[in-house]
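The values are calculated or read from the model by the stated rules, or taken from the named source; none is laboratory data. Source: prediction; values computed, not measured. With ideal geometry, Cβ positions are generated from the backbone for all residues, glycine too; neighbour counts draw on all protein chains shown.
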Amino acid sequence: MEHHWSFYLEAINIDKLWVTLKGIHILQVEKFCLQPGDVCYLGGHSGSGKSIFFKSLIRLLPIEVQNYKIFNENAMDLKPELLRTKIMYLNQQPQIPHHNVHEFINFISTLSIYQGQFNQFKDNMLQLLRAFSRDEKFLTLETSNLSGGETQILQLILGILLCKNVLLLDEAFSAMDRHTQDIAEKLVLKWLNDNSSQRSIIFSSHQPELSHLNPQANYVIHKGHVQKLE
Amino acid sequence: MTSISHITLISLCIFSIFCAYISYSNKWSIEKPFLVSTLRCFLQLLLLGYFLKLIFTINRIDLILLTITTMTVIATFSNYYRLEYKVPKMWGYNFFALICTTWPIALICLYLIDPKHMTEANTLIPFVGMIIGNALNGISLGMDGFNQEIINNRRMVVTLLSYGATPKEASHIAFKKAMKLSTSPIINSMSVAGIVSVPGMMTGQIMAGMPPIESAKYQFVVMIAVSTSIFLGSYFGILFCRKHYFKNGASLEFLLGSHQHR
């Protein structure tokens with residue numbers, strides 16, 4: 001039954017989306033479609049607006065949109081914080097507050113959106129840390145002392161544990177070495193395949209040819225327009 | 001009380017001239033603002049004295065209201081131009097933060113002291129003026145501190161919002177720091193009042209011949225009024241700012257560069 005539904009459902013379906021700044025359209029999307037289980041690559045040169053597109057998908061920026069559905073739910077009707085658990089944005093320079101990793105994770109667990117459902121994630125978190133050859137000591141590290149790669153590992157682990165439907169990876173592995181990046185991509189693919197009828201990925205990378213994330217759909221941003229590459 | 005002559009006041013300016021000379025000889029470039037502000041202070045206070053004398057004689061409620069409204073507007077402008085990090089409509093936020101806190105608090109305090117004379121010009125104008133003057137700094141520190149925290153740590157705010165934090169949760173650290181920043185000076189002065197320093201109003205009253213115990217009581221009322229105004233004024237001011245940054249639930253327009261920074 002679930003498989004039957006997934007045939008008709010689209011992970012993301014957007015018709016006509018604009019991001020406007022002071023009356024000027026700085027990003028326009030005519031049509032954007034993503035199927036469940038698909039990986040989508042978003043290309044474009046530096047400054048083309050990839051991050052703006054990602055942020056507009058999680059409604060971090062003011063958008064005007066004719067139709068924006070995520071797994072058949074109207075994204076504009078959802079509370080922003082609820083939308084962001086369905087579609088999660090992982091960026092290349094996450095800034096982690098609080099003194100150490102454990103405190104930060106505790107802070108995330110107290111967010112109203114996760115009340116009463118975070119405890120089940122803690123065991124899985126340690127498993128994911130081990131995949132990156134880290135143990136419990138990682139939790140005691142000062143967040144200000146984390147390297148760019150370690151910060152991205154922490155961001156990714158939380159993303160894998162908390163995101164329900166779509167992961168938006170905005171150069172999210174850019175600070176990792178090649179080996180760590182391989183592990184990260186394998187974990188992301190595992191997350192996708194664990195429930196492929198309800199999950200999808202959109203990623204941007206400066207070196208997509210080196211990535212294990214083989215995209216089924218390719219989009220590019222050119223002169224502020226998001227276009228599908230056939 | 002002995003009246004101070006104008007010549008005495010002018011001769012006191014020699015202290016300012018001496019300070020300006022030290023600045024000039026060391027090339028610190030603060031002699032000009034130092035002397036200008038001394039002159040402004042002298043003229044403004046003198047004008048205020050003559051103006052209040054007139055208002056106290058007329059003692060009409062509409063004129064009193066006009067006076068304290070003008071004082072609030074001028075305070076708002078002065079506060080706004082001192083802010084380093086500005087957001088659109090911040091002038092309005094500032095005005096509302098001041099008016100919503102200082103006026104009611106002043107009225108409540110005056111009612112508790114002496115309900116019969118609370119609306120008289122010689123009571124209401126100096127009291128509201130004193131509270132506005134003191135609250136101004138705290139409110140501007142709080143609003144500026146919040147804007148600075150949010151803009152400088154926008155990546156952190158984005159990270160938290162991306163994990164599903166509400167605007168309130170994502171800006172909690174900035175809010176807390178801004179509130180601490182705005183209330184620290186008044187908390188410090190309340191902690192040392194009477195030990196390290198004798199507050200200005202109490203000094204004035206004692207010099208004017210009021211019994212020290214009575215002037216201490218009045219000073220306490222002023223301290224409570226000022227500290228509450230700063231706390232609530234900063235709280236409302238920062239709430240308005242937060243509403244600006246997280247419009248329509250949680251969209252960060254400032255990420256696109258539409259915030260104003262002097």
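Below, the figures for the structure above:
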| quantity | calculated |
| --- | --- |
| Residue A:96 under 18 Å from the mean Cα position of the chain (by Cα), free of Cβ contacts under 8 Å to residues at least 60 places away in the same chain, within 14 Å of chain B (Cβ to nearest Cβ) and assigned to a loop (DSSP other than H, G, I, E, B) | yes |
| Test: residue in region A:87-108 that is more than 16 Å from residue A:145 (Cα to Cα), of a type in the set (Ser, Thr, Tyr) and at pLDDT below 90 | no |
| Matching entry among A:158, A:168, A:154 (being part of a strand (DSSP E or B) and within 14 Å of another protein chain (Cβ to nearest Cβ)) | A:168 |
| Scan of region A:69-89 for residues that are touching a residue at least 24 places away in the same chain (Cβ under 8 Å) and more than 7 Å from chain B (Cβ to nearest Cβ), ordered by number | A:69, A:70, A:71, A:72, A:82, A:83, A:86, A:87 |
| In region A:186-197, residue farthest from residue A:72 (Cα to Cα) [restricted to those that are in contact with a Phe, Trp or Tyr (Cβ under 9 Å, 6 or more places away or on another chain) and surrounded by fewer than 21 Cβ atoms within 10 Å (Cβ to Cβ)] | A:187 |
| Single residue of B:54, B:66, B:39, B:46 found to be assigned to a helix (DSSP H, G or I) and farther than 18 Å from residue B:126 by Cα | B:39 |
| Inter-residue pairs, beta-carbon under 6 Å, first without any contact (Cβ under 8 Å) to a residue 40 or more places away in the chain and in region B:155-169, second in a helix (DSSP H, G or I) and of a type in the set (Asp, Glu), 6+ apart | B:164/A:81 |
| Odd one out for residue B:158 among (1) within 21 Å of residue B:85 (Cβ to Cβ); (2) more than 14 Å from every other protein chain (Cβ to nearest Cβ); (3) of a type in the set (A, V, I, L, M) | (2) |
| Residue B:79 vs. criteria among the polar types (S, T, N, Q) and either under 27 Å from the mean Cα position of the chain (by Cα) or under 30 Å from residue B:145 (Cα atoms) (or both) | yes |
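Each row is one residue, and each column tells you yes or no for (1) at pLDDT 90 or above; (2) assigned to a loop (DSSP other than H, G, I, E, B).
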residue: B:169; (1), (2): yes, no
residue: B:176; (1), (2): yes, no
residue: B:184; (1), (2): yes, no
residue: B:209; (1), (2): no, yes
residue: B:215; (1), (2): no, no
residue: B:219; (1), (2): no, no
residue: B:224; (1), (2): yes, no
residue: B:240; (1), (2): no, no
residue: B:249; (1), (2): no, yes
